[in-house]
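Let me begin by presenting the structure, written as structure tokens, before commenting on it.
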Amino acid sequence: MSYKVPAIISALIAGIFAWYYFIVLGRPIGIQFINATVAFSSVIIIGISFLLGSLAKFVKQFSPFAHYRKEFGLIGFGLAALHVVLVVPNMLADDGGAVGFAEVASLAVAAVAFMIFLLIALTSTASWMKTLGYENWQGLQRTGYIAFVLVLFHVVLLDKGAFL
């Protein structure tokens, strides 16, 4: 399958977030800028992956695009992994003082979500589908919806629950 369409759409999404942080919010280009762009782009791109699969089942016009689910999912996971690589050193170097419940909960749900997405990405091949059997494989892939809800909780709880 071709990565061109998902790659172009993903690049546009990342570009929109970069424009928003750099131009609209006036944030300087740096590690935090890149991290925010990567993190929020990841959430949107993984969301597109899940939407394509669900919409294809219920709306006939989306069926031709359902085959892009895997590509969007893997691109979104790659960005999520990059987010982890960028944020962990920041967190380890941060001496911001006391950590509250919202921060701990946010990190916990993010860690569980990332592990689920890691399992889904690693088992997204035809050989894993054959090894696990289609029913088991599909069940594992569907745990991604749980992971996505956990990511949304993570986003809501960021910055001491600022989104609340």
Comparing Ile16, Ile75, Ile44 in a Gaussian network model of the chain (Cα, 10 Å), the one with the largest mean-square fluctuation is Ile16
Suppose all protein chains stay in the model; what accessible area per residue would a 1.4 Å probe give for segment 16-137, in Å²?
61
Work out the charge dipole of segment 1-157 with +1 on the Cβ of Lys and Arg and -1 on the Cβ of Asp and Glu about the Cα centre, then indicate which of Ala66, Ala18, Ile31 is farthest towards its positive end.
Ala66
Principal-axis tilt of helix 4-19 within the chain, Cα atoms, nearest 10 degrees:
20
Close Lys-Lys pairs in the chain, where close means Cα under 20 Å and separation is 8 or more or interchain
4
Scanning the chain for chymotrypsin sites (Phe, Trp or Tyr not before Pro) in DSSP loops with at most 15 other Cβ atoms within 10 Å, what's the longest stretch left with none?
4-162
Computed over the chain: longest principal axis from alpha-carbon atoms vs helix 31-58 long axis, angle to nearest 10 degrees, is 30
Points 7 angstrom from Cα along the Cβ direction at Ala66 and Leu122: gap in nanometres?
2.8
Return one number: the angle in degrees, 0 to 90 and rounded to the nearest 10, between the long axis of the Cα atoms of helix 101-122 and the longest principal axis of the Cα atoms of the chain.
30
Can you pull a Stokes-Einstein diffusion coefficient for the chain at 4 °C (1.567 mPa s), Rh from Kirkwood over Cα pairs, as a whole number of µm²/s?
76
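Of the accessible area of the chain, with the probe set at 1.4 angstrom, what percent is carbon plus sulfur?
Numbers: 7500 of 10190 Å².
With neighbouring chains kept in place, the figure for the chain is 74 percent.
For every other residue with a beta carbon closer than 13 angstrom to the beta carbon of Phe77, add +1 if it is Lys or Arg and -1 if Asp or Glu, then tell me the sum. Provide the component values of the computation, followed by the final result.
Details: positive: Arg69, Lys70; negative: Glu71.
For residues surrounding Phe77, the net value is +1.
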Charge-dipole axis of segment 42-132 as Lys and Arg at +1 and Asp and Glu at -1 on Cβ define it, positive-most pick from Val84, Ala111, Ile48:
Ile48
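The values are calculated or read from the model by the stated rules, or taken from the named source; none is laboratory data. Remember, it's a predicted structure, so these values are computed and weren't measured experimentally. When we count neighbours, we look across all protein chains shown, and the Cβ atoms used for this are built from the backbone with ideal geometry, even at glycine. Ligands, DNA and RNA are stripped out before the accessible areas are found, and what is left, the full protein with its side chains, is counted by its heavy atoms. Shrake-Rupley method; radii C 1.70, N 1.55, O 1.52, S 1.80 Å.
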